[in-house]
Each structure stands twice: as C-alpha cells, then as structure tokens.
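Following: one structure in structure tokens, then a few remarks.
The values are calculated or read from the model by the stated rules, or taken from the named source; none is laboratory data. Note that the coordinates shown come from a computational prediction; the quantities given were computed from them, not determined experimentally. Neighbour counts are summed over all protein chains in view; Cβ atoms, including those assigned to glycine, are modelled from backbone coordinates with ideal geometry.
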Amino acid sequence: MSLFPYFDEHAPLQGRIALGIEYDGSAYCGWQRLRHAPSVQESLETALGKIARCPIELVASGRTDSGVHASRQVAHFDTSAQRTQKAWVMGVNSKLPRDIRVHWAVSVPDYFHARASAIARRYRYVIYNGALPPALAHQQVAWHRSPLDEARMHRAAQVLVGEHDFSAFRAAKCQSSTPWRHLHFIEVKRYGGVVVIDVQANAFLYHMIRNIAGTLMAIGDGRYPEEWCEALLQGKAREEAGVTAPAHGLHFVDSRYAQQEILPATPLGPLPLAFLGEWSGEREVPIGEYMRKRREAFKLQFGDSRS
C-alpha cells in the first residue's frame with residue numbers, strides 16, 4: 001500500500017471486512033464502548049452504521065486505554081450491506097471526528113478475527129526529553145525533564161525479552177488469567193530530543209508497557225542501576241517497580257497476523273516517526289511455547305489451511 005492508495009469505487013465489499021484505523025486517544029476513555037464516556041469504538045460504529053444503514057459491531061485487535069493513541073489499530077466487522085471500498089473508507093471518514101481516521105478497508109476470510117487471530121501487538125512509547133515540556137504535540141508525547149541515557153535504558157530492558165512472568169509490571173486491576181507473556185523485542189533509541197521505547201509481544205498485561213516505561217526512565221536518569229530491571233522481573237512485586245508512565249506517550253503501532261499478506265502494509269507510526277522507513281509486517285515474529293499452544297488449538301478448531 002502506498003501513501004496514496006487507490007480505493008475501488010465499483011466492486012462492493014460485504015461479509016467480513018477489516019479496517020486499519022488511526023486515532024488520537026486524548027478525548028476518549030479508550031477503545032472500548034462505555035455507557036458513561038466517549039470511546040473510539042462508539043464513534044467508529046456510529047459512522048459505519050450511517051454508511052451501512054444498519055448497526056455495526058467492531059472487534060479490535062487490542063483495547064487501548066484512556067488517552068492512548070493508535071496509528072494502526074486493526075478491527076473487523078460483519079455486514080450484509082454492499083458498499084464499495086471507497087465508501088467504507090472515505091464515506092466513513094466523512095462521518096468521523098477529526099481525531100479518528102480509517103486508512104484502509106479490505107475483505108477478509110470468515111476465519112479472520114482481529115483479536116483472536118493476532119500473533120503480535122507492537123507499541124511505541126514516545127518521550128520528549130528536554131528541560132521544558134513541549135507546547136506542540138504535548139498530548140502525543142510524555143515529557144521527562146532529566147537527561148536520559150537511552151543506551152543504558154536499552155541494555156537494562158533486554159532482560160525482558162522472552163517468555164516471562166511479568167507480575168512486576170502488571171497493574172493491580174489487570175484481569176488476565178496469567179501474568180505470562182512473550183516479549184519479542186524491546187528497543188530504546190534516541191532521535192534528537194525524542195526517546196522512543198519500541199516494544200512487541202504476543203500480548204500485553206494491563207498497564208504493562210507504561211510500567212516498563214516508568215521503570216526504564218528511572219534507570220535512564222540514573223536513579224536506579226541497570227540491574228534493577230532484572231531484579232524486578234525476578235521479584236514479581238509491582239510495588240517495587242517504577243511509576244506508571246503517562247498514557248499520552250503510548251502509541252499502538254501494529255498488529256501482526258500469521259497471514260499478514262491479507263492486510264495492507266503501512267508505514268509504522270506515529271506520524272513523526274514514519275520517516276524511519278519501517279513498514280508493518282517487516283519483522284519476523286518469534287514463536288514461543290505460549291503461541292505454539294494457541295496455534296495448535298486454532299488448527300484443531302479450523303484446520304491446518306487456516307493457521
């Protein structure tokens with residue numbers, strides 16, 4: 001997919017449709033629809049319903065929290081309404097607020113499931129490291145006033161790679177049945193005054209990335225030694241780890257699927273980082289024990305041809 005995609009305005013799309021979605025989460029309580037507060041899901045379902053002229057229910061690859069952003073959220077819905085690709089993209093965007101946009105819409109097989117079929121999720125935590133907070137983009141980056149040693153942060157974070165019990169980085173309200181996750185990679189890099197924590201895993205616990213970011217910043221500014229990260233991982237005590245970093249620095253940038261080719265590739269965001277040149281789907285996804293068990297269960301349910 002290029003930066004100037006062609007949207008078909010003749011052939012109708014119906015059945016199961018996948019969307020690529022970008023949003024600024026500042027004004028929303030998160031992805032998931034709630035009765036008492038605005039959500040990204042509600043805004044999208046309302047806009048889609050106007051184009052389809054019937055109710056639409058979206059399923060997303062991951063539920064972002066209040067204030068968290070996304071440059072490549074993947075979601076799917078089922079519909080009998082026959083609308084063109086252009087209508088599902090341009091038409092829906094015309095009904096959306098300016099802080100939510102659909103970037104693409106494609107037909108997908110019935111067995112594709114935006115959440116259950118995902119084998120990896122990738123986030124970038126973006127920190128402006130300067131003496132004063134920024135005025136521009138202040139809702140899309142976290143601010144850290146003390147100098148950060150990004151190389152020190154990167155070295156400390158490497159103990160987190162692999163399959164581990166991440167209880168030390170799990171919020172008290174986390175409802176996951178297990179604290180085990182497979183973290184595929186975590187990289188900390190600096191681009192001028194911006195420090196980026198780039199992390200991918202099969203899935204994440206509630207506030208897991210923000211808790212890791214808070215810990216790494218405390219290591220990066222010298223308050224704690226590099227070995228602290230490993231000690232926290234082994235100790236499994238959340239109260240011993242760093243503070244939870246602000247939500248507005250977190251960006252959901254990619255969802256990966258075993259059959260990645262059925263979805264368009266797009267530059268990894270957020271937008272200011274698109275200049276780095278990496279597109280979605282470029283990196284291999286390591287398969288650990290957790291994912292092997294999921295794939296085996298999927299094959300039993302749907303057969304080998306759909307894994």
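Before moving on, here are some points about what is shown:
- Segment 253-280 - residue that is aliphatic (A, V, I, L, M) and closer than 25 Å to L136 by Cα and, of those, surrounded by the most Cβ atoms within 10 Å (Cβ to Cβ): V253
- Among the residues listed as H164, H154, the single one being farther than 19 Å from H251 by Cβ, over 18 Å from the mean Cα position of the chain (by Cα), in the same structural domain as L233 (by TED's automatic domain parsing) and not in a loop (DSSP other than H, G, I, E, B): H164
- Scanning segment 245-290 for residues that are under 22 Å from E163 (Cα atoms), among the acidic types (D, E) and part of a helix (DSSP H, G or I) yields one hit, E289.
- Out of L148, L136, L132, sole residue that is part of a loop (DSSP other than H, G, I, E, B), assigned by TED's automatic domain parsing to the domain that holds V196 and under 21 Å from E226 (Cα atoms): L148
- Check on D165, surrounded by 18 or more Cβ atoms within 10 Å (Cβ to Cβ), in contact with a strand residue (DSSP E or B) (Cβ under 9 Å, 6 or more places away or on another chain) and of a type in the set (D, E, K, R): no
- Residue match in segment 2-16 (condition: free of Cβ contacts under 8 Å to residues at least 24 places away in the same chain, among the hydroxyl-bearing types (S, T, Y), within 26 Å of E282 (Cα to Cα) and surrounded by fewer than 22 Cβ atoms within 10 Å (Cβ to Cβ)): yes
- The single condition from (1) under 21 Å from L263 (Cβ atoms); (2) in a loop (DSSP other than H, G, I, E, B) that A70 fails is (2).
- The sole residue among R63, R121, R115, R101 that is on the phi < 0 side of the Ramachandran plot and modelled with pLDDT under 95 is R63.
- Residues in segment 8-39 that are out of contact with any Gly (no Cβ under 7 Å at 6 or more places or on another chain) and assigned to a helix (DSSP H, G or I): 1 in all.
- Residue in segment 138-171 that is nearest to Q234 (Cα to Cα), counting only those that are among the aliphatic types (A, V, I, L, M) and in contact with a His (Cβ under 9 Å, 6 or more places away or on another chain): V161
- Residue in segment 56-66 that is over 30 Å from I209 (Cα atoms) and touching a residue at least 60 places away in the same chain (Cβ under 8 Å) present: no
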